[in-house]
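Each remark here refers to the structure printed beneath this line.
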Amino acid sequence: MKQLVVLGGGYGGMRICERFKDEDVAVTLVDRLPYHALKTEYYALAAGTLSDRDVRIAFPEGEHLSYKYGHVVKISPETNSVHLQDGTELFYDDLIIALGCEDKYHNIPGAQEFTYSIQTLEESRKTQQAICGLSPGAIVSIVGAGLSGVELASELHESRKDLKIRLFDRGPSVLSFLSDKVSTYVQEWFEEHDVEVINNSNVTFVTADDVQNGDDAYPSNLTIWTAGTQPVKVVRDLGFEADSGGRIKLTEHHHVPEHENVFVIGDCASLPYAPSGQLAEHQADQVVDVLQAKWAGKKLPKLPEIKLRGMLGSLGKSDGFGIVMGKQALTGKVPRLLKSGVLWKHKKIK
């Protein structure tokens, strides 16, 4: 029986387990948590509008599925093995690396030491606890106005209207990479709801009490970092060829060029798309097709181009924005309802 080890129980790793749960393949999934966590909802957990229980989904069950809970400290492709922090060594015939990402601080002094994060469930819990401890009138700074920063700022506004929320955006207008319609809508939403947006920002250092933006120091009682990600350190340490963002370059069949039995999916993979849960699931499906052909001794399939359905974001619980069908911009209640529907479907099919 083939021994498949999957590192990471996020969207990609979860899809791998779902696809193989009834197959005659020994699958071992390694994760620090005993459940799949909805990373796309961590912003709401941090803001206090969702509970820990709301972002958890049980891993699938199957005769040949097994789970090992722990922290991966080393991957050794030369010996087909994975080392965990507790001393466990796992051996594999094929390996799927889906360990996700961590914050990238761009060598900005104080950013790592003095900011909170929403990259993991544990970090989101800590951020929530810190926010809960803030007094009325306290200032929360969010550095980074991508999707995570925008959703966190809007959700936190609804959760704690007594706080002063400031969002540092490197671009001329929030989410300017999406479309003018979406960018204008979100920028105006923040203005109408008294969330301060600092456009064209250039954060140079962070302290426990302020955020230095260019020549100006902005007081801050709590600062949250959402200004970029990179693959986790254990993946960066592999030394495989990577793109400028540290993501591993792959063949057309999603494996590392020098190791045909090492596949990389999700936030650690270099792909011509922005990382997302949707992308990780599509990539996982293709990796399953490749493995099934490989194990059957067949020619590897020609994989179709991945086509994403779009992107949806929230502005609190009743407003939102999105890009669907590749280019159609949506704003208002409809994209927020669509996002809720996608989340409901994701939970129900597990």
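Overview of results
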quantity: Aspartates and glutamates with Cα under 17 Å of LYS249, excluding same-chain neighbours fewer than 8 positions away; calculated: ASP237, GLU241, GLU258, GLU260, ASP267, GLU305
quantity: Tilt relative to the chain, helix 11-20 - C-alpha long axis, 0 to 90 degrees, to 10; calculated: 30
quantity: For the range 170-215: rounded, prolate or oblate by the Cα gyration tensor [a/c cutoff 1.5]; calculated: oblate
quantity: Two-site label geometry, GLU63 and ASN199: point separation in nm, points 7 Å out along Cα→Cβ; calculated: 6.1
quantity: 5 angstrom amide H check on THR223, placed H, neighbours 5+ away; calculated: TYR116, SER141
quantity: Distance between the range 72-121 and the range 130-147 - C-alpha centres, whole angstrom; calculated: 27
quantity: Most positive-pole-ward Cα, PRO257, LEU7, VAL288, against dipole of the chain from beta carbon charges; calculated: VAL288
quantity: Rounded to whole Hz, the Karplus (6.51, -1.76, 1.60) HN-Hα couplings of the range 99-106, x for glycine and proline; calculated: 7, x, 10, 9, 5, 10, 9, 6
quantity: Electrostatic dipole magnitude of the range 1-147 [Cβ: Lys, Arg +1; Asp, Glu -1; Cα centre; debye, to 20]; calculated: 440
quantity: Under Karplus coefficients 6.51, -1.76 and 1.60, residue-wise ³J(HN,Hα) of the range 26-35 in Hz, glycine/proline x; calculated: 7, 10, 10, 9, 10, 8, 6, 9, x, 6
quantity: Phi-based couplings in Hz for the range 208-218 (Karplus 6.51, -1.76, 1.60; Gly and Pro marked x); calculated: 5, 10, 7, 10, 8, 10, x, 8, 10, 9, 9
quantity: Acute angle (nearest 10 degrees) that the helix 277-295 long axis makes with the longest principal axis of the chain, alpha-carbon atoms; calculated: 10
quantity: For the chain, accessible area per residue (1.4 Å probe, heavy atoms of protein chains only), Å²; calculated: 47
quantity: Of all DSSP beta bridges in the chain, antiparallel share, percent nearest 5; calculated: 50
quantity: Relative contact order (percent, whole number), the chain, Cα cutoff 8 Å, 6+ residue spacing; calculated: 17
quantity: The range 164-198 versus the range 228-243: alpha-carbon centroid distance in Å; calculated: 31
quantity: Selection from ALA130, VAL72, VAL55 lying farthest towards where the dipole of the range 1-145 points positive, charges on Cβ; calculated: ALA130
quantity: Principal-axis tilt of helix 180-192 within the chain, Cα atoms, nearest 10 degrees; calculated: 50
quantity: Accessible-area order (highest first, 1.4 angstrom probe) of the listed residues GLU122, GLU192; calculated: GLU192, GLU122
quantity: Prolate/oblate/rounded call for the range 40-181, Cα gyration tensor, a/c under 1.5 rounded; calculated: prolate
quantity: In the range 1-107, lysine pairs with alpha-carbon atoms under 19 angstrom apart (chain gap of 8 or more, or interchain); calculated: 4
quantity: Relative contact order (%) - criterion: Cα under 8 Å, at least six apart; region: the range 30-140; calculated: 29
quantity: Dipole in debye (nearest 20) - the range 3-83, about Cα centre, beta carbon charges: Lys, Arg +1; Asp, Glu -1; calculated: 320
quantity: Of all accessible heavy-atom area on the chain, the percent that carbon and sulfur account for (1.4 Å); calculated: 49
quantity: Nonlocal amide H pairs with ALA145, under 5 Å, H built at 1.01 Å; calculated: ARG170
quantity: Proximal charge balance of ASP319 [Cβ under 14 Å; K/R count +1, D/E count -1]; calculated: -2
quantity: Which labelled figure in (1) 63, 57, 32; (2) 62, 41, 35; (3) 65, 48, 46 is Cα extents along the principal axes in Å, once derived from the coordinates; calculated: (2)
quantity: Rounded if a/c under 1.5, otherwise prolate or oblate - the range 258-321, Cα gyration tensor axes; calculated: prolate
quantity: The chain, dipole about Cα centre (Lys/Arg Cβ +1, Asp/Glu Cβ -1), debye to the nearest 20; calculated: 940
quantity: Stretch gain in nm, segment MET325-LYS345, where the contour uses 0.36 nm per residue and the Cα spacing is subtracted; calculated: 5.3 nm
quantity: DSSP bridge orientation in the range 3-133 - percent antiparallel, rounded to nearest 5; calculated: 40
quantity: Mean separation of Cα contacts under 8 Å, 6 or more apart, over the residue count of the range 1-80: relative contact order %; calculated: 36
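The values are calculated or read from the model by the stated rules, or taken from the named source; none is laboratory data. Quick caveat: nothing in here was measured; it's all calculated off a predicted structure. Cβ coordinates were reconstructed from backbone atoms using ideal geometry, including for glycine residues, and neighbour counts include every protein chain displayed. With ligands, DNA and RNA removed, areas are computed over all heavy atoms of the protein, side chains included. Shrake-Rupley method; radii C 1.70, N 1.55, O 1.52, S 1.80 Å.
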